Amino acid sequence: MTTVIIRTMTRILTPAILVFGSYIILHGHLTPGGGFQGGAVFASGLALLIIAFSRKRVKEMFEKVPLSVFESIGALGFLGIGLMGIVMYTFLRNFIANSGAPFGMPTPEGINPGFLNTGGTLPYLNIFVGLKVLAGLTSIVLILFLILRREENE
Amino acid sequence: MRKLLGIIALTVFSIILFLTAVHLRSFGSPPHAEMDKYFIEHAQKEASANNVVTSVVFDYRGFDTLGEATVLFTAVSGVLMALRHYGGRKK
Amino acid sequence: MNSVLVNLPFIVVAILLAIGFYTIGFKRNLIKIIIGVEILEGAVNMFIVALGYVKGGYAPIYTQAPSGAIENMVLPTPQALTLTSIVIGVAVTALMLAFAVNIYKTYGTLDVSKVRRLRG
Amino acid sequence: MNPMTLRTPSGYWNPIIWVIFLILFGLVAYLIYKAGNPKYRRDTDQVKPFLSGNLETDKEKIQVRASDIYWGFIEALKEYYGVLERMHTGDIRDYILWFVGMAAIITVILIGGI
Amino acid sequence: MMEHLPALIIAIPLLGAFAAPLFKRHHKAVSIWAILITGITLIVSLLLTREVLVKGILVYVFGAKSPTLVLPSGYKVPIRIMFEVDALGAFMAISATLMSFVGALYSYSHVAHESGLEKYYSLLLLLEVGILGMVLTGDLFNLFVFMEIAGISGAALVGFRSYRGEASEAGIKYLIISAVASLMVLFSVALLYGEYGNLNLAYIAKNIKFGVVDLIAFGLLFTSFAMKCGAVPMHYWVPDAYTEIPAGGNPPLLVATYANLYALFRVSFTLFTNIVINISRAGWIMVILGVLTMFIGVTMALVQKDVKRLMSYHAISQTGYMLLGVGVGLTVLHDPSKLMEFGRDAIAGGLFHVINHIIYKSLLLMTAGALFYVTGTRNLDNMGGLARKMPITTISFMIGAAAISGLPPFNGFASKLIIYETSYMLNPILTVFAMVTSILTLASFVKVFASAFLGPPLKKYENVKEVPKPMLIAMIILAALCVIFGLFPKIILDKLIYPAADALINYLQYHSWGGLA
């Protein structure tokens, strides 16, 4: 069982961590970071949430969240974008770049402030990988936590 | 006995690693960088991404990244399977 | 001697690899052996990143980069490879720890000189 | 016939010839079987072993266990198997140390030390 | 669509693996899903093999404008990851997909009563993905990634029965072994990248110069792959892993072991083939490792009581035959007259033994799994008189035992014959060892047969029945393959094996991406 200080700080910090993680995921093609790093940050926020509260609270918090389904969706989305490339070019072709579709604007050559609406398939893959990584790491942390806390309770 | 043999093997192996480090090309001046030059020059045009590393990870070597995501998926499945008998949400 | 000084990062990598193999080979606790594998992974990742370094190079990112960056960027490929191998290392560690939990449950110990029902 | 014949430096293998020989030896075996004793009947007293009046012990007791087979062979090679036993400690650290040693040896040989 | 086959053969099992956890509790559904996916993959691999055998080396560049665009316009170096499928890779792909299909079919009944099956089948498919990537890729770092996939999924499968401590022990042993081996592979790949600034196998093989660093990288790669394919004295993980994995996972795990053997051959023959002196040295190392592996493996097998452990030691000793055959070819690789005299046949014999061994050893391990399924024990001392109860299992066991002992007309005979005669031409001592190993193999399988199937029927097994249909079908498929391969070895050799051996021998074709550049 954890102290009230930890729980209060968790309530304050967790939203900030989650927002920062999603920022890293979304700007992966412009700034350092990407799907894996952002997903890890996001998962660390959820891990903070997990370790701060009691086993019962965590169980009812994550009872509704189908983490394995999220993970499968992330992986299948990555694979699906790869397979879409087969239609015209090859597997995992960046077919959205410079095509005008969402995230499909061309990037100006050389040093530039960075525009979000570029990157072709990269932002999509970042989002899918981020979803997958946060679901996977969170489920690992969750099951280890549930085991250890059950030890303490018994 | 076992410890002695292990120490000997480890020593020889470490000497070999040291040899490798000494005989390797000097640090900070890669002799052949054609592939990386290509990435740095063409990333903005082909992948339309400012972050060259991300364009390498997801476009030029995207297949490795698929494999990497697969490894993570594998590990999560393995962990959940190995610990399934302790219940938690898996019951 | 000069090559030793120039290649100091590679020497460090070699020493780290030796330490990792020593940890795996001579420690009795299973967790310490897992830590040894982690040391090996860290050494190899350091090696790959060190291979990509160019003297006075900048990060290969164009977003608001300093003006001199374009003609002197560090190699991007080693960073991508390191990213991949770091995630793989995390995956391997998670699975090894899960097995360690199982072994502690059934054997009641983590001493690898006792965790050997399978032999001969 | 030819596409099926596997030629080796000192011989050849052909399934057709093998089948012919199989049939031939099957015939011979059948003839030997027919020449057997015709008065033999299953499940009668004549198949019971005669242990000079004692009755037969339970079959499970006299079954040859797996660990008893080749006892003599293993006894003869006791030193060799002692070495092998000492090699096969089911200890993960030894697995890695063997790998390190073999890596050292093979690399030295390849560089040309030996 | 045909030119996309190399991508599809990876994408289809990946799809199956990622979708498998979505079948939450429907165990039958996920089993049927896995069987379906593996069947489709088998068909795709057959198509791929036909393409390769007709058209020669098949190159697939991931993310390029067209699948065969190896070099971007005006550039000398390959940029993207590529698959380079030659006859050898296609041959390994066939064995991988076939064995995954058989394993999924067998698992349908064998693990039906266990929990967590959606994870089990997803890991089975991921193991298949790892093997296929390892044997098809033409990029060194990609080889490392797929090696990790195969290792992690294999270790997780080994630890499947997590309520048994031994399973977790074997799992963590296999996981640490494969983690260390693949880390050393990554280290060597990084050495090569530092020297030549590229990761493409063919490109590095063309430009390699052989300083000390390259030879050290060769040594590390050689040793890591030798450990992962279970060569003595780095074989200790093999019995643990093969014994504890559910028998349905045994065939893919076996092929995963030989995927590492394939990587060993690929590295020695294609990547480092230009070292004229040291390559024969490497060949001799391979031959000596092979002889050691054969002999120590079989002598250890002779004293085992656990039936699956005994068969695992036989898997080690049979790996020795492959190392011996291909090593004989490697020693004379740069000597054209000897190569034409016996080197090519030796390589063909070794590769033919790979697929033969995969088939009959999977069959034998499956029969051992069937014994475990009906008796609940793996200890041979507690078995006996099961031949009358399970006739089909008995017959398939007899076929497998005859095949592994090299009796005609089963498939072990043909490959062992070729290996004997070719190794005799290099050095007669090798042949003596090989024959003694074969005799001891027969002896120890006679022991298994006598103690498990023959003997008086035991009371505690009065009401055991034959195993369920899917397991029988899986075993019958493999037994039929044993007989077919054994009756018509020449046809298999000409259609499948000699092209693979030639793919190893004329490496220049591989270096030029099949004439694309």
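Got a number for residues in the range B:14-26 being part of a loop (DSSP other than H, G, I, E, B) and within 7 Å of chain E (Cβ to nearest Cβ)? Spell out the reasoning first.
Within the range B:14-26, the subset part of a loop (DSSP other than H, G, I, E, B) is B:24-26.
Of the ones still in play, those that are also within 7 Å of chain E (Cβ to nearest Cβ) are B:24-25.
Here the count works out to 2.
Return yes when E:Leu46 is in a helix (DSSP H, G or I), of a type in the set (A, V, I, L, M), at pLDDT below 95 and open to solvent by 30 Å² or more (accessible area, probe 1.4 Å) and no when it is not.
No.
So is A:Gly82 more than 9 Å from chain E (Cβ to nearest Cβ), modelled with pLDDT of 90 or more and either within 27 Å of B:Glu68 (Cα to Cα) or part of a helix (DSSP H, G or I) (or both) or not?
Working: more than 9 Å from chain E (Cβ to nearest Cβ): no; modelled with pLDDT of 90 or more: yes; either within 27 Å of B:Glu68 (Cα to Cα) or part of a helix (DSSP H, G or I) (or both): yes.
Criteria not met by A:Gly82.
For the range C:42-71, which positions are crowded, with 22+ Cβ neighbours inside 10 Å and among the charged types (D, E, K, R)?
Scanning the range C:42-71 gives no hits.
Each row is one residue, and each column tells you yes or no for (1) modelled with pLDDT under 95; (2) assigned to a helix (DSSP H, G or I).
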{"position": "C:Gly20", "(1), (2)": "no, yes"}
{"position": "C:Gly25", "(1), (2)": "yes, yes"}
{"position": "C:Lys32", "(1), (2)": "no, yes"}
{"position": "C:Ile35", "(1), (2)": "no, yes"}
{"position": "C:Tyr53", "(1), (2)": "yes, no"}
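Criterion first (of a type in the set (Phe, Trp, Tyr), part of a loop (DSSP other than H, G, I, E, B), out of contact with any Phe, Trp or Tyr (no Cβ under 6 Å at 6 or more places or on another chain) and at negative phi) does C:Tyr104 satisfy it?
no
Residues that are touching a His at 6+ places or on another chain (Cβ under 6 Å) and either farther than 30 Å from E:Leu132 by Cβ or part of a helix (DSSP H, G or I) (or both): does the range B:68-90 have at least one?
no
Within the group B:Leu66, B:Leu72, which residue is buried (at least 19 other Cβ atoms within 10 Å of the Cβ), at the interface with chain E (Cβ under 10 Å from one of its Cβ atoms) and under 25 Å from A:Leu142 (Cβ atoms)?
On the way: B:Leu66 fails: under 25 Å from A:Leu142 (Cβ atoms).
Selected residue: B:Leu72, the only one of B:Leu66, B:Leu72 that is buried (at least 19 other Cβ atoms within 10 Å of the Cβ), at the interface with chain E (Cβ under 10 Å from one of its Cβ atoms) and under 25 Å from A:Leu142 (Cβ atoms).
I want to confirm something. Restricting to the range E:213-238 and keeping residues that are assigned to a helix (DSSP H, G or I) and more than 7 Å from every other protein chain (Cβ to nearest Cβ), which single residue is farthest from E:Gly165 (Cα to Cα)?
Residues of the range E:213-238 assigned to a helix (DSSP H, G or I): E:213-228, E:237-238.
In the following step, the residues that additionally are more than 7 Å from every other protein chain (Cβ to nearest Cβ) were identified as E:214, E:217, E:221, E:224-226, E:228, E:238.
Working: E:Asp214: 42, E:Ala217: 37, E:Leu221: 32, E:Ser224: 27, E:Phe225: 28, E:Ala226: 28, E:Lys228: 23, E:Val238: 17 Å.
Out of the qualifying residues, it is E:Asp214.
Which residues, taken from the range A:1-39, are closer than 21 Å to B:Leu72 by Cβ and hydroxyl-bearing (Ser, Thr, Tyr)?
A:Ser22
Residues E:Val354, E:Val432: which one is open to solvent by 40 Å² or more (accessible area, probe 1.4 Å) and either part of a helix (DSSP H, G or I) or not assigned by TED's automatic domain parsing to the domain that holds E:Ile476 (or both)? Before the answer, list the steps.
Working: E:Val354 fails: open to solvent by 40 Å² or more (accessible area, probe 1.4 Å).
It is E:Val432.
Can you say whether E:Glu166 is in a helix (DSSP H, G or I), open to solvent by 10 Å² or more (accessible area, probe 1.4 Å), free of Cβ contacts under 8 Å to residues at least 60 places away in the same chain and at the interface with another protein chain (Cβ under 7 Å from one of its Cβ atoms), as far as the supplied structure shows? Spell out the reasoning first.
On the way: in a helix (DSSP H, G or I): yes; open to solvent by 10 Å² or more (accessible area, probe 1.4 Å): yes; free of Cβ contacts under 8 Å to residues at least 60 places away in the same chain: no; at the interface with another protein chain (Cβ under 7 Å from one of its Cβ atoms): yes.
In short, no.
Condition check ((1) over 23 Å from the mean Cα position of the chain (by Cα); (2) surrounded by fewer than 13 Cβ atoms within 10 Å (Cβ to Cβ)) across all residues:
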site	(1), (2)
D:Pro15	yes, no
D:Ile23	yes, yes
D:Arg41	yes, yes
D:Val47	yes, yes
D:Gly53	yes, yes
D:Asp58	yes, yes
D:Ala76	no, yes
D:Leu84	no, no
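From the list E:Phe352, E:Phe445, E:Phe342, E:Phe449, exactly one residue is within 14 Å of chain D (Cβ to nearest Cβ), of a type in the set (Phe, Trp, Tyr) and under 20 Å from the mean Cα position of the chain (by Cα). Which is it?
Working: E:Phe445 fails: under 20 Å from the mean Cα position of the chain (by Cα); E:Phe342 fails: under 20 Å from the mean Cα position of the chain (by Cα); E:Phe449 fails: under 20 Å from the mean Cα position of the chain (by Cα).
On inspection, the qualifying residue turns out to be E:Phe352.
Please indicate, with yes or no, whether at least one residue in the range E:112-121 is under 30 Å from C:Lys114 (Cβ atoms) and crowded, with 24+ Cβ neighbours inside 10 Å. Full working, then the answer.
Initial filter on the range E:112-121 (under 30 Å from C:Lys114 (Cβ atoms)): E:114-116, E:119-120.
Now narrow it down to the ones that are crowded, with 24+ Cβ neighbours inside 10 Å: E:119-120.
Yes, there is a match, as at least one residue in the range E:112-121 is under 30 Å from C:Lys114 (Cβ atoms) and crowded, with 24+ Cβ neighbours inside 10 Å.
Considering only the range E:475-486, I want to know if a residue exists there that is loosely packed, with under 15 Cβ neighbours inside 10 Å and either of a type in the set (Asp, Glu) or assigned by TED's automatic domain parsing to the domain that holds E:Gly249 (or both).
No, there is no match, as no residue in the range E:475-486 is loosely packed, with under 15 Cβ neighbours inside 10 Å and either of a type in the set (Asp, Glu) or assigned by TED's automatic domain parsing to the domain that holds E:Gly249 (or both).
Keeping to the range E:391-416, report how many residues are in contact (Cβ under 8 Å) with a residue 40 or more places away in the chain, open to solvent by 10 Å² or more (accessible area, probe 1.4 Å) and aliphatic (A, V, I, L, M).
So the answer is 5.
Would you please name the residue that is nearest to A:His29 (Cα to Cα), looking only at residues in the range A:127-154 that are in contact with a Gly (Cβ under 6 Å, 6 or more places away or on another chain) and at the interface with chain B (Cβ under 7 Å from one of its Cβ atoms)?
Going through the range A:127-154, the residues in contact with a Gly (Cβ under 6 Å, 6 or more places away or on another chain) turn out to be A:128-134, A:143, A:146.
Now restrict to residues that are at the interface with chain B (Cβ under 7 Å from one of its Cβ atoms): A:129, A:132-133, A:143, A:146.
Working: A:Val129: 13, A:Lys132: 18, A:Val133: 17, A:Ile143: 33, A:Leu146: 36 Å.
So the residue we want is A:Val129.
Of the residues in the range A:101-154, how many are assigned to a helix (DSSP H, G or I) and over 20 Å from B:Glu41 (Cβ atoms)?
Filtering the range A:101-154 down to residues assigned to a helix (DSSP H, G or I) leaves A:121-153.
This time we only want the ones that are over 20 Å from B:Glu41 (Cβ atoms), so: A:121, A:123-153.
So the count comes out to 32.
Here's a check for you: in the range E:490-514, which residue that is of a type outside the set (Phe, Trp, Tyr), open to solvent by less than 40 Å² (accessible area, probe 1.4 Å) and outside any helix (DSSP H, G or I) is modelled with the highest pLDDT?
Of everything passing the filter in the range E:490-514, E:Ser512 is modelled with the highest pLDDT.
Condition check: open to solvent by 40 Å² or more (accessible area, probe 1.4 Å) and in contact (Cβ under 8 Å) with a residue 12 or more places away in the chain. Does A:Phe78 satisfy that? Before you say what the answer is, go through the steps one by one.
Numbers: open to solvent by 40 Å² or more (accessible area, probe 1.4 Å): no; in contact (Cβ under 8 Å) with a residue 12 or more places away in the chain: yes.
So A:Phe78 fails the test.
Return yes when A:Ala75 is within 8 Å of chain B (Cβ to nearest Cβ), of a type in the set (A, V, I, L, M) and assigned to a loop (DSSP other than H, G, I, E, B) and no when it is not. Steps first, answer last, please.
On the way: within 8 Å of chain B (Cβ to nearest Cβ): yes; of a type in the set (A, V, I, L, M): yes; assigned to a loop (DSSP other than H, G, I, E, B): no.
Considered against the rule, which asks whether it is within 8 Å of chain B (Cβ to nearest Cβ), of a type in the set (A, V, I, L, M) and assigned to a loop (DSSP other than H, G, I, E, B), A:Ala75 comes out as no.
Among all residue pairs at least 6 apart or on different chains, which show Cβ distances below 8 Å where the first residue, located in the range A:104-118, is under 16 Å from A:Gly28 (Cα atoms) and the second is of a type in the set (A, V, I, L, M) and part of a strand (DSSP E or B)?
A:Phe115/A:Met105; A:Asn117/A:Met105; A:Thr118/A:Met105
Any chance the range E:272-281 includes a residue that's surrounded by fewer than 23 Cβ atoms within 10 Å (Cβ to Cβ) and of a type in the set (D, E, K, R)?
yes
Kindly provide the set of residues from the range A:42-68 that are part of a helix (DSSP H, G or I) and of a type in the set (Gly, Ala, Ser), ordered by number.
To start, the set of residues in the range A:42-68 that are part of a helix (DSSP H, G or I) comprises A:42-52, A:55-62, A:67-68.
A:Ala43, A:Ser44, A:Gly45, A:Ala47, A:Ala52, A:Ser68, listed by residue number.
What is the number of the single condition among (1) over 23 Å from A:Leu131 (Cβ atoms); (2) modelled with pLDDT under 90; (3) more than 11 Å from chain E (Cβ to nearest Cβ) that B:Thr11 does not meet?
(2)
Can you run down the residue pairs with Cβ atoms below 6 Å, 6 or more apart or on separate chains, where the first is in the range B:27-46 and within 11 Å of chain E (Cβ to nearest Cβ) and the partner is open to solvent by 20 Å² or more (accessible area, probe 1.4 Å)?
Listed by first residue and then by second, the contacts come to B:Phe27/C:Val6; B:Phe27/C:Pro9; B:Pro31/B:Arg25.
With the range D:1-108 as the region, which helices (runs of 4 or more DSSP H) entirely inside it contain at least 3 residues that are charged (D, E, K, R) and farther than 30 Å from C:Phe21 by Cα?
Working: elements: D:15-34, D:59-62, D:71-76, D:78-87.
Here the list reads D:59-62.
The values are calculated or read from the model by the stated rules, or taken from the named source; none is laboratory data. Here the structure is a predicted model, which is why all the values come from computation and not from measurement. A quick note on method: Cβ atoms are made from the backbone with ideal geometry, for glycine too, and the neighbour counts reach across all protein chains shown. We work out accessible area using only protein heavy atoms, side chains counted, and drop any ligands, DNA or RNA first. Shrake-Rupley method; radii C 1.70, N 1.55, O 1.52, S 1.80 Å.
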